[in-house]
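Participant: Quick one: structure below, then a few questions.
The values are calculated or read from the model by the stated rules, or taken from the named source; none is laboratory data. The structure presented is a predicted model; accordingly, all values stated were derived computationally and were not measured. Every residue, glycine among them, receives a Cβ derived from its backbone with ideal geometry; neighbour counts consider all protein chains shown.
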Amino acid sequence: MNSRPSLRFKPQSTNVLRNWLSISTIALLTALAGCAASNNQSQTASSPAASASPAASSPAASASPVQVEPTGLLAQVLSRSKIICGTSGKVPGFSFVNTQGEYSGFDVDICRAVAVAVFNDPSKVEFRQLSAAQRFTSSQTGSIDIISQTATVTISRESTVGVAFGPVILYDGQGLMVKKNSGITKIEQLAGKSVCVQTGSTTILNLTDQFRKRGIAYKPVSFDDNNATFAAYQQGRCEAVTADRSGLVSNRSKLPNPDEHTILDIVLSKEPLAPGVKQGDPQWANVLNWVVYVLIQADEFGITSKNVDQIAQSTKDPDIRRFLGLEGDLGKGLALKNDYALQVIKQIGNYSEVYDRNLGKDSPLKLERGPNKLWTDGGLLYSPPFR
Amino acid sequence: MSLDLAPITDSPPVSTSLTPWNWARKRLFNTWYNIILTIAALLAIGLGLKGFLVWATTQAQWAVVSNNLKLFVAGRFPDPLLWRLWIILGVIIGLSGLTWGKLQAKERLWTRDRLLIAAGIAVAIGLIPISFASRLISGGLLLLLLVAFWLGRLLPSRFNRWLAVAWALSFPLVFWLLRGGFGLQEVQTTDWSGLLLTLLGAVIGIAFAFPLGVLLALGRQSTLPIVRLFSTLFIEVMRGLPLIGVLFIGLVMLPLLLPPEWGQPDQLLRGLVGLILFSAAYIAEVVRGGLQSVPRGQLEAARALGLNPLLVIGLILLPQALRTVIPALVGEFVSLFKETTLLSVFGLIELLGISASILANPDYVGRYVEVYLFAGGLYWIFCYVMSIASQRLENSLGVDQR
């Protein structure tokens with residue numbers, strides 16, 4: 001989890017950017033006032049106005065008999081015939097370049113799923129590797145269509161930075177790892193002990209907050225590099241190490257004797273990770289939202305990439321028939337094909353399949369599902385109904 | 001063991017070639033503190049080397065390097081189009097061989113060094129884990145280099161100009177093969193990655209930063225106030241900023257400041273322009289140092305001969321100025337080559353960036369020492385080749401003799 005913690009939002013600097021942006025936007029709008037009516041670009045630039053009147057362009061959620069015409073970003077994506085997806089490219093299990101030179105991972109599969117929904121072709125995605133500093137500005141300026149970069153949903157990112165987050169795809173949280181033989185099971189037992197932590201992110205702030213809340217003194221040993229942090233922990237320079245739980249698990253697998261280390265049952269902070277789009281384009285946001293929900297809902301229905309064709313042929317359940325686009329016009333309401341859900345499941349799989357092959361039991365990381373189980377299994381994953 | 005401790009006589013100086021044992025005695029074990037230092041140093045080196053060798057042969061898992069060799073070198077360049085990279089390599093190797101042959105036409109054909117290098121490359125081609133076809137092509141390219149070198153020695157000097165033209169033409173050809181279009185399948189610039197992008201960035205950076213730097217240096221010495229002011233301002237502002245700041249402005253700020261309907265300039269282009277402008281400022285100062293070292297009499301003599309200012313600069317000033325600053329210039333080129341790594345901070349996947357992406361593959365998680373050693377080795381090879389080439393150039397131009 002090297003890059004994720006350092007990607008957190010820095011309010012002041014982004015406010016400056018934001019001001020620049022709005023100044024240039026205002027200047028631009030004034031300049032374009034004359035010809036704005038016919039100009040598609042200016043419509044996407046005037047995001048606050050567009051989001052204030054959702055009724056204007058948002059397709060009705062209820063099944064509408066008419067095919068909704070693609071506008072805004074979706075129309076641009078269709079005419080470009082590929083999606084540009086911003087991703088880190090450097091986070092184990094989430095996005096990386098595999099031996100064949102292909103992008104692979106959990107974040108990557110989300111973008112591929114959207115590509116299947118729009119083009120019925122998972123290869124029509126161009127991935128752009130983005131740094132912490134770039135990822136939100138890239139979506140603001142329109143150089144990427146989707147940002148799928150293990151971004152934590154926060155209020156300031158939606159209110160000031162201008163990201164419209166999709167559904168949460170992974171509920172992560174900051175955790176603590178200790179050596180098993182240390183006998184530490186509670187955060188209080190770390191009083192006076194040292195904790196290795198990576199700087200440049202909210203990880204260290206969360207850690208400080210949690211210890212202050214409990215009134216415990218501790219010694220933070222900070223590093224600016226993920227590998228250095230865990231190397232120091234391994235060499236015994238600190239009793240515990242903190243990072244996001246998914247990061248703890250993947251880093252534990254690198255240690256010489258992974259079984260000697262245990263991740264405490266403590267969550268220091270909430271880290272709900274979600275893909276996002278630029279604010280002010282409800283149609284495109286809907287596409288992202290309802291592609292992610294397809295993955296979750298398919299899991300709930302028990303539809304997998306292997307049995308989807310068979311279920312589509314045999315099922316009489318009206319819910320499933322609507323979901324797969326065999327009846328009704330749910331897909332058309334999103335300005336997509338009616339069977340987009342069927343294609344997404346067939347070519348990408350449902351949530352469990354995506355999770356297992358990238359992070360879970362079929363991957364080298366072997367990350368427990370934890371809260372990322374369906375609500376029916378006691379987890380947090382819940383898709384609104386498809387109707 | 002007989003030692004030559006002959007008494008001092010009037011005989012001619014003793015031959016300086018010592019046996020290794022005598023050399024060691026004279027240089028390493030001559031006083032008691034040198035003996036201690038030598039033993040301590042040997043121990044440290046030996047232990048370090050032993051530790052490294054034990055690690056490299058038993059603990060290290062080099063599969064991460066051998067399985068991803070193509071990724072390191074060519075990055076995400078599409079597999080079916082790799083032949084285009086081979087052609088580029090062939091063109092560059094052919095031209096380099098010819099140029100090399102021309103430069104060393106007066107020396108012996110086969111020196112021990114050359115044979116050793118050729119044999120070393122041949123062994124490397126045999127050992128590195130690549131497909132048989134790649135091995136065959138690599139061998140062919142080595143042969144091409146040797147043949148071109150041999151041919152270059154035979155070419156009469158009137159071909160010098162043609163060689164320069166061929167180098168100039170190779171730029172658009174290489175770019176066409178990389179980018180595609182005009183009948184070839186297009187390749188996105190985002191797919192240019194790995195060592196390919198590092199070398200491309202360095203070559204483009206040097207090719208543009210050097211002339212720009214020379215112009216800025218001349219501009220700073222100009223008698224026209226506006227030109228002088230602009231050059232000085234540009235150089236001082238660029239030198240006052242860290243490179244990462246320049247890249248941040250180009251890659252993060254610029255898209256926010258440009259009006260949306262202008263579209264987004266290519267990310268790679270923005271990064272390279274930042275790198276070029278930054279390096280040009282440093283090169284300008286190096287060149288200015290060279291310009292100041294040319295005696296005033298040279299200028300006055302040139303003017304007295306009736307040369308116009310352009311000819312004075314082109315024929316008198318620059319040749320002398322540049323020759324004296326070759327070591328410093330090559331230093332700038334080497335650091336520009338290494339500074340391309342900063343592009344990886346902004347998502348351009350050069351050698352360091354692709355290394356990080358490979359390390360994120362869960363199959364190779366934690367193999368960072370192997371990966372970074374390999375990447376570091378590649379950087380070292382190219383930097384070393386550059387400094388060797390600069391030394392050869394200095395020798396052939398007689399920098400320290402005139």
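Participant: Please indicate, with yes or no, whether at least one residue in region B:310-326 is more than 14 Å from chain A (Cβ to nearest Cβ), under 27 Å from the mean Cα position of the chain (by Cα), surrounded by fewer than 16 Cβ atoms within 10 Å (Cβ to Cβ) and without any contact (Cβ under 8 Å) to a residue 12 or more places away in the chain.
Facilitator: Taking every residue of region B:310-326 in turn, at least one turns out to be more than 14 Å from chain A (Cβ to nearest Cβ), under 27 Å from the mean Cα position of the chain (by Cα), surrounded by fewer than 16 Cβ atoms within 10 Å (Cβ to Cβ) and without any contact (Cβ under 8 Å) to a residue 12 or more places away in the chain.
Participant: I've got another one for you. May I ask you to list the residues in region B:78-97 that are within 14 Å of chain A (Cβ to nearest Cβ) and part of a helix (DSSP H, G or I)?
Facilitator: B:D79, B:P80, B:L81, B:L82, B:L85
Participant: Something else: How many of the residues in region A:68-99 are among the hydrophobic types (A, V, I, L, M, F, W, C) and within 12 Å of chain B (Cβ to nearest Cβ)?
Facilitator: Going through region A:68-99 one residue at a time, the tally reaches 6.
Participant: Limited to region A:210-220, what total is found for residues that are touching a Ser or Thr at 6+ places or on another chain (Cβ under 9 Å) and either surrounded by 15 or more Cβ atoms within 10 Å (Cβ to Cβ) or over 13 Å from A:V195 (Cβ atoms) (or both)?
Facilitator: Residues meeting the conditions: 3.
Participant: Same structure again: Taking only pairs six or more apart or across chains, which ones have beta-carbon atoms under 6 Å, a first residue in region B:111-124 that is under 15 Å from B:L145 (Cα atoms), and a second residue that is part of a helix (DSSP H, G or I)?
Facilitator: Hits for this filter: B:I121/B:L142.
Participant: What are the residue pairs meeting all of these: first residue in region A:342-369, first residue within 13 Å of another protein chain (Cβ to nearest Cβ), second residue of a type in the set (D, E) and outside any helix (DSSP H, G or I), Cβ atoms under 7 Å, and 6 or more apart or on different chains?
Facilitator: Cβ pairs passing all conditions: A:D356/A:D362.
Participant: Among (1) of a type in the set (A, V, I, L, M, F, W, C); (2) within 18 Å of B:K70 (Cβ to Cβ); (3) over 24 Å from the mean Cα position of the chain (by Cα), where does B:L109 come up short?
Facilitator: Result: B:L109 passes all but (2).
Participant: Something else about it: Is region B:351-364 home to any residue that is away from chain A (no Cβ under 14 Å) and within 30 Å of A:R252 (Cβ to Cβ)?
Facilitator: No, the conditions are met nowhere in region B:351-364.
Participant: Looking for whichever is of a type in the set (S, T, N, Q), surrounded by 24 or more Cβ atoms within 10 Å (Cβ to Cβ), within 21 Å of A:Q283 (Cα to Cα) and out of contact with any helix residue (DSSP H, G or I) (no Cβ under 6 Å at 6 or more places or on another chain) here; the options are A:S139, A:S159. Which one fits?
Facilitator: The conditions single out A:S139.
Participant: Only one of B:W262, B:W192 is among the aromatic types (F, W, Y), within 14 Å of chain A (Cβ to nearest Cβ) and surrounded by fewer than 16 Cβ atoms within 10 Å (Cβ to Cβ). Can you tell me which?
Facilitator: Exactly one of B:W262, B:W192 is among the aromatic types (F, W, Y), within 14 Å of chain A (Cβ to nearest Cβ) and surrounded by fewer than 16 Cβ atoms within 10 Å (Cβ to Cβ), namely B:W262.
Participant: Follow-up. Just checking, which of B:L144, B:L89 is at pLDDT 90 or above, in contact with a Gly (Cβ under 7 Å, 6 or more places away or on another chain) and either surrounded by 12 or more Cβ atoms within 10 Å (Cβ to Cβ) or more than 30 Å from B:V165 (Cα to Cα) (or both)?
Facilitator: B:L144
Participant: Restricting the search to region A:142-156, which residues are farther than 11 Å from A:V277 by Cα, surrounded by 24 or more Cβ atoms within 10 Å (Cβ to Cβ) and within 14 Å of chain B (Cβ to nearest Cβ)?
Facilitator: Once the filter is applied, which keeps residues that are farther than 11 Å from A:V277 by Cα, surrounded by 24 or more Cβ atoms within 10 Å (Cβ to Cβ) and within 14 Å of chain B (Cβ to nearest Cβ), region A:142-156 yields A:Q149, A:T150.
Participant: Looking at this structure, is B:V227 away from chain A (no Cβ under 14 Å), under 21 Å from B:V203 (Cα atoms) and not small (G, A, S)?
Facilitator: No, not satisfied.
Participant: Here's a follow-up. Can you name the residue in region A:112-129 that is of a type in the set (D, E, K, R) and within 11 Å of chain B (Cβ to nearest Cβ) and, of all such residues, is nearest to B:L352 (Cα to Cα)?
Facilitator: A:R128
Participant: Might you let me know whether region A:170-177 holds any residue that is over 23 Å from the mean Cα position of the chain (by Cα) and either assigned by TED's automatic domain parsing to the domain that holds A:K90 or not β-branched (V, I, T) (or both)?
Facilitator: Scanning region A:170-177, I find at least one residue that is over 23 Å from the mean Cα position of the chain (by Cα) and either assigned by TED's automatic domain parsing to the domain that holds A:K90 or not β-branched (V, I, T) (or both), so the answer is yes.
Participant: Is it the case, given these coordinates, that A:L330 is in the same structural domain as A:S138 (by TED's automatic domain parsing) and at pLDDT 95 or above?
Facilitator: In short, no.
Let's see how each residue does on (1) in contact (Cβ under 8 Å) with a residue 40 or more places away in the chain; (2) over 23 Å from B:F278 (Cα atoms); (3) surrounded by fewer than 21 Cβ atoms within 10 Å (Cβ to Cβ):
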residue: B:V334; (1), (2), (3): yes, no, yes
residue: B:A356; (1), (2), (3): no, yes, no
residue: B:L373; (1), (2), (3): no, yes, yes
residue: B:I381; (1), (2), (3): no, yes, yes
residue: B:R392; (1), (2), (3): yes, yes, yes
residue: B:S396; (1), (2), (3): yes, yes, yes
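Participant: To continue, here is another question. Does A:D109 meet the test of being assigned to a loop (DSSP other than H, G, I, E, B) and away from chain B (no Cβ under 13 Å)?
Facilitator: So A:D109 fails the test.
Participant: Against the condition without any contact (Cβ under 8 Å) to a residue 40 or more places away in the chain, out of contact with any Phe, Trp or Tyr (no Cβ under 8 Å at 6 or more places or on another chain), within 14 Å of another protein chain (Cβ to nearest Cβ) and outside any strand (DSSP E or B), how does A:S159 come out, does it pass?
Facilitator: Judged against the criteria, A:S159 is not a match.
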